[in-house]
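> This is the structure I want to talk about, given as structure tokens.
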């Protein structure tokens, strides 16, 4: 089976998810994974598809046609199954802070410096109760290489959060709710 990843972004409107998923379904494509959300008033879609090469080519053409008609930006990329990776353990990091520029870059840098892959990262800004002060929340799933000592990593993460004035935790992905 062939695989592809698509991305679209454009003005949010009712029926957009139905339009995109109907094109996938009409071409007998399997949606393996997806993220769909409104960001800044724009609707964004990331979707991993699997099916025959011909079906993916037809899907791509139909999506180009749809996107031209409804002012959506669209990107298509053929992919392959992930290559064999070194053993790792999924851990979840949750961080809360007063909102300010540079938080995501600092956290990404912390994990990158330790050769830790970030598999998934979600951010959200919400107003604090009573004051309305913007509070920044990050949840990420990191693939911790089996060669890293978890105790040492947790201590380094706690020190990093303290230095950056962040409230953060790091734990096994099955022990922390992602809701």
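The values are calculated or read from the model by the stated rules, or taken from the named source; none is laboratory data. Model, not experiment: these values are computed from the prediction. In this analysis, Cβ positions are derived from the backbone assuming ideal geometry, glycine residues included, and neighbour counts consider all displayed protein chains.
> Would you check if residue 12 is surrounded by 12 or more Cβ atoms within 10 Å (Cβ to Cβ) and farther than 17 Å from residue 76 by Cα?
Taking the combined requirement at face value, the residue satisfies it.
> Taking the conditions exactly as written (in contact with a helix residue (DSSP H, G or I) (Cβ under 8 Å, 6 or more places away or on another chain) and within 23 Å of residue 139 (Cα to Cα)), does residue 105 satisfy them or not?
No: the conditions fail for residue 105.
> If you don't mind, another one. I'd like to verify a number: residues in the stretch 33-67 that are over 17 Å from the mean Cα position of the chain (by Cα), at pLDDT 95 or above and not in a helix (DSSP H, G or I), how many?
So the count comes out to 3.
> I would also like to ask the following. I'd like to know if the stretch 103-115 contains one or more residues that are over 19 Å from residue 159 (Cα atoms) and modelled with pLDDT of 95 or more.
The answer is no; no qualifying residue exists.
> Considering (1) under 18 Å from the mean Cα position of the chain (by Cα); (2) under 30 Å from residue 145 (Cβ atoms), say which one residue 87 fails and leave the rest.
Only one criterion is unmet by residue 87, namely (1).
> Within the group 18, 28, 52, which residue is exposed (fewer than 12 other Cβ atoms within 10 Å of the Cβ), touching a residue at least 24 places away in the same chain (Cβ under 8 Å) and outside the structural domain of residue 146 (by TED's automatic domain parsing)?
Exactly one residue qualifies, and that residue is 28.
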